[in-house]
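Chemist: Structure in structure tokens, see below.
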Amino acid sequence: MRMETPLARVRGLGSARTGARHWWAERLSSVATLLLFVWLIVSLVRLPLLDHGSVTEWLRDPLAAVPMLLLVASVFYHLKLGLQVVIEDYVHEEGNKLFAVVLLRFLTILGASLAAFAVLKIAFAG
């Protein structure tokens with residue numbers, strides 16, 4: 001027996017009314033991440049060498065650093081969305097679930113910040 005109304009089933013919203021938004025955010029972030037990874041691979045293939053000097057020189061260009069920052073943001077946002085679903089599905093005690101989601105958010109922000117710092121350090125060096 002379903003406890004939701006027919007209108008709620010049509011809208012695709014759960015009890016928190018965020019189910020469809022989260023689903024769309026996952027899909028859009030995966031498409032953005034895919035496109036940015038294609039850009040990264042094509043850009044790296046076009047470099048004459050893949051040594052440290054060539055890649056750092058390439059990242060100093062704003063046309064490389066900005067999409068790289070977008071890739072970092074997209075990857076970590078998609079990571080947070082995906083792991084949050086795993087936590088919500090498999091952690092059943094509410095206290096542990098809240099702790100895990102808060103820890104996940106903290107760690108994804110930390111990881112994204114460190115990656116963005118590394119890109120910015122290269123972009124603004126020299």
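Chemist: Restricting to segment 1-36, and then to whatever is open to solvent by 40 Å² or more (accessible area, probe 1.4 Å), in a helix (DSSP H, G or I) and over 19 Å from LYS80 (Cα atoms), can you tell me which residue is modelled with the highest pLDDT?
Modeler: Taking the candidates together, the pick is PRO6.
Chemist: Restricting to segment 44-84, name every residue that is farther than 18 Å from LEU120 by Cβ and over 13 Å from the mean Cα position of the chain (by Cα).
Modeler: LEU44, VAL45, ARG46, LEU47, PRO48, LEU49, LEU50, ASP51, GLY53, SER54 - these are the residues of segment 44-84 that are farther than 18 Å from LEU120 by Cβ and over 13 Å from the mean Cα position of the chain (by Cα).
Chemist: Then there's this: For VAL55, indicate whether it is part of a helix (DSSP H, G or I) and surrounded by fewer than 14 Cβ atoms within 10 Å (Cβ to Cβ).
Modeler: no
Chemist: Another one. Could you please let me know if LYS121 is among the basic types (Lys, Arg) and in contact with an Asp or Glu (Cβ under 7 Å, 6 or more places away or on another chain)?
Modeler: no
Chemist: Let me ask something else. Open to solvent by less than 40 Å² (accessible area, probe 1.4 Å), more than 18 Å from the chain's Cα centre (by Cα) and of a type in the set (A, V, I, L, M): is that true of ALA123 in this structure?
Modeler: yes
Chemist: Name the residues in segment 65-101 that are assigned to a helix (DSSP H, G or I), farther than 18 Å from ALA112 by Cβ and either in contact (Cβ under 8 Å) with a residue 24 or more places away in the chain or among the acidic types (Asp, Glu) (or both), would you?
Modeler: VAL85, GLU88, ASP89, GLU94, listed by residue number.
The values are calculated or read from the model by the stated rules, or taken from the named source; none is laboratory data. On a predicted model such as this, the values are computed, not experimentally measured, just so you know. As a convention, Cβ positions derive from the backbone with ideal geometry for all residues, glycine included, and neighbour counts pool all protein chains shown. Only protein heavy atoms, including side chains, enter the accessible area calculation; ligands, DNA and RNA are left aside. Shrake-Rupley method; radii C 1.70, N 1.55, O 1.52, S 1.80 Å.
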